[in-house]
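Take a look at the structure below.
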Amino acid sequence: MGVGPERVSLNTATVREQWSLRECIEGCARHGIKGISPWRDKLQECGVDEAARLIEAHGLTVTGLCRGGGFPAAGAAGRQAALDDNRRAVDEAVAIGARCLVLVAGGLPEGSKDIAGAREQVRDGIAATLEYARSCGLPLAIEPLHPMYAADRACVNTLRHANDLCDELGAGLGIAVDVYHVWWDPDLEQEIKRAGKERLLAFHLCDWLVPTKDLLLDRGMMGDGVIDIAKIRAWVEAAGYAGFCEVEIFSAENWWRKDADDVVETVIQRCRSAV
Ligand code: ZN
């Protein structure tokens, strides 16, 4: 059981309040972590070229860039702005050698109650972005989010929906499985199997705390909650996933307040004991 730091990726959200991207890169190197997954705000703050240079110099694998998506909008101009931004995200992901660009679909446009329509806009937005991403050789990874985010962040909420989009839109599109968002799903094992090696592009870890005090910013360290992470990891690996375990913990009241080196040490310990 467990994975060593050579198979761990640090998602920069985990130490978002403490470290810049440069500090994350140097921190990974210091602790023996071999993967990194930057968010775009950190990447842009560092500068894409400088980030690419630092990542290369420290021999890190970029397990994904977070994130593209956000497709639905009330009008044509808003939808076009989203497509333009996704194109830039693809370019950034290519520039830093990311294995994929993670897509968080987007929710309902302001004032709308039409979730089916929002989902159609997501499909069309992914299709348009996919065409460009394919020409760049960059895979796109849809990350289904927990249904509590359907209105404001992502109206793709299950692995089944993500698999259906992959079936419909074809090559170059895959899935990021984040245990926080999908652990509750009775069809999880089956849909992981259905996704298979080709589509499983990223595996995100944290834990579901009971009680969860904030819908966005109270995620737990692996082992502190109720998700059987080892079981889900066994399922993704049985399906052919051989990539990194990416640790992504949004924790405003706890982990974001601690010394980042201590957080990273805890991540490494828990990846051995609870993953
Ligand atoms: Zn995630």
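The values are calculated or read from the model by the stated rules, or taken from the named source; none is laboratory data. In this text, all values refer to a predicted model and were calculated from it rather than measured experimentally. Methodologically, a virtual Cβ is constructed for each residue, glycine included, from the backbone with ideal geometry; neighbour enumeration extends over all protein chains shown. Just so you know, the surface numbers come from the protein's heavy atoms only, side chains and all, with ligands and any DNA or RNA stripped out. Shrake-Rupley method; radii C 1.70, N 1.55, O 1.52, S 1.80 Å.
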TODO: Only residues that are over 21 Å from residue 17 (Cβ atoms), among the charged types (D, E, K, R) and buried (at least 16 other Cβ atoms within 10 Å of the Cβ): list them for the range 27-81, please.
DONE: 34, 79
Open item on the list: Here are the criteria: (1) in contact with a Leu (Cβ under 9 Å, 6 or more places away or on another chain); (2) within 16 Å of the ligand (Cβ to nearest atom). Tell me which single one residue 127 does not satisfy.
Closed with: (2)
Task: Those residues of the range 8-23 which are in a helix (DSSP H, G or I) and either in contact with a strand residue (DSSP E or B) (Cβ under 6 Å, 6 or more places away or on another chain) or open to solvent by less than 10 Å² (accessible area, probe 1.4 Å) (or both), in sequence order - done: 12, 13, 14, 15, 21
Task: Residue ID - surrounded by the most Cβ atoms within 10 Å (Cβ to Cβ), chosen from residues in the range 156-175 that are outside any helix (DSSP H, G or I) and either hydroxyl-bearing (Ser, Thr, Tyr) or within 16 Å of the ligand (Cβ to nearest atom) (or both) - done: 175
Open item on the list: Can you find a residue that is touching a residue at least 40 places away in the same chain (Cβ under 8 Å), assigned to a loop (DSSP other than H, G, I, E, B) and of a type in the set (Val, Ile, Thr) anywhere in the range 250-270?
Closed with: no
Task: Residue among 214, 185 that alone is surrounded by fewer than 17 Cβ atoms within 10 Å (Cβ to Cβ), more than 13 Å from the ligand (Cβ to nearest atom) and of a type outside the set (Phe, Trp, Tyr) - done: 214
- [ ] Among the candidates 144, 186, single out the residue that is at pLDDT 95 or above and touching a Ser or Thr at 6+ places or on another chain (Cβ under 6 Å).
- [x] 144
TODO: Restricting attention to the range 189-200, report how many residues are open to solvent by less than 40 Å² (accessible area, probe 1.4 Å) and within 17 Å of the chain's Cα centre (by Cα).
DONE: 3
- [ ] Determine if the range 188-202 includes at least one residue that is within 21 Å of residue 14 (Cβ to Cβ), charged (D, E, K, R) and part of a helix (DSSP H, G or I).
- [x] no
TODO: Show the residue pairs that are 6+ apart or on different chains and have beta-carbon atoms under 6 Å apart, the first residue being within the range 55-69 and over 20 Å from residue 5 (Cβ atoms), the second being in a loop (DSSP other than H, G, I, E, B) and open to solvent by 10 Å² or more (accessible area, probe 1.4 Å).
DONE: 65/98
TODO: Please go through the range 1-27 and pick out each residue that is more than 21 Å from residue 201 (Cα to Cα) and not acidic (Asp, Glu).
DONE: 1, 15, 16, 18, 19, 20, 21, 22, 24, 25, 27
TODO: Please specify each residue of the range 217-244 satisfying the condition of being open to solvent by less than 40 Å² (accessible area, probe 1.4 Å), in contact (Cβ under 8 Å) with a residue 40 or more places away in the chain and touching a strand residue (DSSP E or B) at 6+ places or on another chain (Cβ under 8 Å).
DONE: 221, 222, 227, 229, 232, 233, 236, 239, 240, 241, 243, 244
